[in-house]
Amino acid sequence: MNFIPRTVLALWIAAAASAVYAQAPANEQRLDEVAERGSHVMPFHLEKTQHIFDKTPYGGIQQVVAKQAGDGEQINLIRQHLADISARFQQGDFSRQRRIHGDDMPGLADLTKSYRRIRFAYKDLPNGAEIEYSAEDSALVDAIHRYFNAQLSDHARHAIGGEACEPQEHKHHHKHQRHMPQAADSKE
């Protein structure tokens, strides 16, 4: 009988699970092109900020934070930009993402087509801002995850995946409460 020791099996499972969540960076030329196009769309300085893409069971949390906590200029630029794109997303306008990443960006066509069924919730953070994306439909959650993976690949020099940077009580809120999208014409 072939028997695999538990430790080997556990390591293999952990490695396989990590590979599912890892996102390979784009090639150097693509990273340069995306950074150049992004500099015309994003008002903040990429080297002074960090993008964080945290996939959740209901969508994900996109954050941009200033690397220096006291960098008021970058924090204000981040907040203005994310508030603007969140408002645009709620109207189905993903043109800025197309300008940076191209029309064939994974997940983008689905987000554009079904934006009314996705909740985009903007929030200020002490060192930047975030947009929480949430949907009830598993196909839309998958589209959000593909979109986040593309962001991580294209912004590999300035983006990380994983758990969003947030105060403990906010983290508890995201991890244990289910966020459902609201109709585009409803009020929160």
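No lab work stands behind these numbers, since they all come straight from the coordinates. The structure presented is a predicted model; accordingly, all values stated were derived computationally and were not measured. Note that each Cβ is placed from the backbone with ideal geometry, even for glycine, and that neighbours are counted across all protein chains shown.
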* List the pairs whose first member sits in region 103-119 and is without any contact (Cβ under 8 Å) to a residue 24 or more places away in the chain, whose second member is in a loop (DSSP other than H, G, I, E, B) and of a type outside the set (A, V, I, L, M, F, W, C), and whose Cβ atoms are under 7 Å apart, counting only residues at least 6 apart or on separate chains? -> Thr112/Gly92
* To do: Say whether the condition of being of a type outside the set (A, V, I, L, M, F, W, C), farther than 16 Å from Gln151 by Cα and in contact with a Lys or Arg (Cβ under 8 Å, 6 or more places away or on another chain) is met by at least one residue in region 84-95.
  => yes
* Asked: Do any residues in region 37-49 that are farther than 17 Å from Leu125 by Cβ have Cβ atoms under 7 Å from those of residues that are of a type in the set (Val, Ile, Thr) and surrounded by 15 or more Cβ atoms within 10 Å (Cβ to Cβ), where the two are at least six apart or on different chains, and which pairs are they?
  -> Arg37/Ile100; Gly38/Ile100; Val41/Ile100
* Asked: Just wondering, is there one or more residues in region 123-139 that are in contact with a strand residue (DSSP E or B) (Cβ under 6 Å, 6 or more places away or on another chain), more than 21 Å from Glu36 (Cα to Cα) and among the acidic types (Asp, Glu)?
  -> yes
* Exactly one of (1) under 14 Å from Thr56 (Cα atoms); (2) crowded, with 16+ Cβ neighbours inside 10 Å is unmet by Ser138. Its number? -> (2)
* To do: Please identify the pairs in which a residue from region 58-87 that is within 12 Å of Lys123 (Cα to Cα) has its Cβ atom under 6 Å from the Cβ atom of a residue that is in a helix (DSSP H, G or I) and β-branched (Val, Ile, Thr), counting only partners at least 6 apart or on another chain.
  => Val64/Ile78
* Looking only at region 49-88, count how many residues are more than 18 Å from the chain's Cα centre (by Cα) and either under 16 Å from Arg157 (Cβ atoms) or surrounded by fewer than 20 Cβ atoms within 10 Å (Cβ to Cβ) (or both). => 7
